[in-house]
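Worksheet: one structure, shown below.
The values are calculated or read from the model by the stated rules, or taken from the named source; none is laboratory data. Note that the coordinates shown come from a computational prediction; the quantities given were computed from them, not determined experimentally. Cβ sites come from the backbone with ideal geometry, for glycine too, and all protein chains shown count toward neighbours. All accessible areas refer to the heavy atoms of the entire protein, side chains included, with ligands and DNA or RNA removed. Shrake-Rupley method; radii C 1.70, N 1.55, O 1.52, S 1.80 Å.
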Amino acid sequence: MTATAISMQNSQLPVAAPSFWLTPSSDIDLYIAKVRQIPVLEAEQERELAEQLQKHQSLEAAQVLIVHHLKFVVHIARGFLGYGLPLGDLIQEGNIGLMKAVKRFEPQRGVRLISFAVHWIKSEIHEYVIRNFRMMKIATTKAQRKLFFNLRSMKKSTNWLNENEAQAIADELDVSIKDVYEMESRLQGQDIAFDPLDNDEEDSFAPSAWLVDENIDPARSTEREEQTHLMHRRLHLGLNKLDARSREIVETRWLNEDKATLQSLADKYQVSAERIRQIEQQALAELKTSISA
């Protein structure tokens, strides 16, 4: 039986039309209902089609193999629904993995295509979930990826892990307990919308409400510059009102990069360090009055 005959007899799908491909407007429920109606190929049919693809690069044989395995992709994709991503997108990525598997399938090894394709299907979906689960890189190392796809199913409750539970998971997955706790924290985190919600409730505040860069406002920038200039001017006038000793103490203790110590100034003026501190406090009080005026 040829690849074309198998396609027309079993799947009722024209070989030339890539009807297995999802589009953004696809009705996912209708798609799933249709692929469920496509029968599974017999082992001999599958082997014959795979040999045609391997020996003659038959695109028709490749498509028939793909079409008759779409229901398995749907089944695998459903297992990733817990990450909040659209089922249609998960299926689409799984289909890409299926096509890669069909291209690499070697029928002479004596295994069925689906047994070989599971790895490729899951691999593509894994990568899609990692890229799109959150804006941050939630799983970058091998240990983190292992935990990302297994931690939820291994937890016995929705509560935070205790030390014994975390250690058991770490031992089973051959990762550190630190990685277990870190991934649990990442998975427990909740995404929030950047833009605020259209209500007045307290929980409606979003990052856009408090991550505002006021430096880009010309009016505020000008206001700050004028305020800074005014403060510098008042500081200069206040320093000029101090006697020479008080001014030097303030400048060397507060305005110079290499700040002087109380003892070094005490030695210079032949007084106690406590007396220098008193002069400093009095001078600072006078400066505060000048700046606040």
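So, in the stretch 158-180, of the ones that are at pLDDT below 80 and over 26 Å from Lys122 (Cβ atoms), which residue ends up most open to solvent (accessible area, probe 1.4 Å)? Per the criteria, the residue is Trp160. Ala219 falls short on exactly one of the conditions (1) open to solvent by 80 Å² or more (accessible area, probe 1.4 Å); (2) farther than 30 Å from Ile130 by Cβ; (3) modelled with pLDDT under 70, and that condition is (1).
In the stretch 260-290, of all residues being closer than 23 Å to Gly238 by Cα and part of a loop (DSSP other than H, G, I, E, B), the one that is modelled with the highest pLDDT corresponds to Thr261.
I'm checking my understanding of the structure. Among residues of the stretch 242-259 that are within 13 Å of Ile279 (Cβ to Cβ) and assigned to a loop (DSSP other than H, G, I, E, B), which one is least open to solvent (accessible area, probe 1.4 Å)? Ranking the candidates gives Leu242 first. Gln144 meets each of the listed conditions (1) at pLDDT below 90; (2) open to solvent by 60 Å² or more (accessible area, probe 1.4 Å) apart from (2).
Determine if the stretch 134-141 includes at least one residue that is at pLDDT 85 or above and more than 18 Å from Glu184 (Cβ to Cβ). Checking the stretch 134-141: not a single residue is at pLDDT 85 or above and more than 18 Å from Glu184 (Cβ to Cβ). Within the stretch 100-115, the set of residues being surrounded by fewer than 18 Cβ atoms within 10 Å (Cβ to Cβ) and free of Cβ contacts under 8 Å to residues at least 40 places away in the same chain comprises Lys100, Arg104, Gln108, Arg109, Gly110, Val111, Ser115. Scanning the stretch 260-272 for residues that are small (Gly, Ala, Ser) and surrounded by 16 or more Cβ atoms within 10 Å (Cβ to Cβ) yields Ala260, Ala266.
Out of the residues in the stretch 43-85 meeting the condition of being outside any helix (DSSP H, G or I) and without any contact (Cβ under 8 Å) to a residue 40 or more places away in the chain, tell me which one is surrounded by the fewest Cβ atoms within 10 Å (Cβ to Cβ). Step by step, filter the stretch 43-85, then rank; the result is Gln57. The criterion of being surrounded by fewer than 19 Cβ atoms within 10 Å (Cβ to Cβ), at positive phi and modelled with pLDDT of 90 or more does not hold for Gln12.
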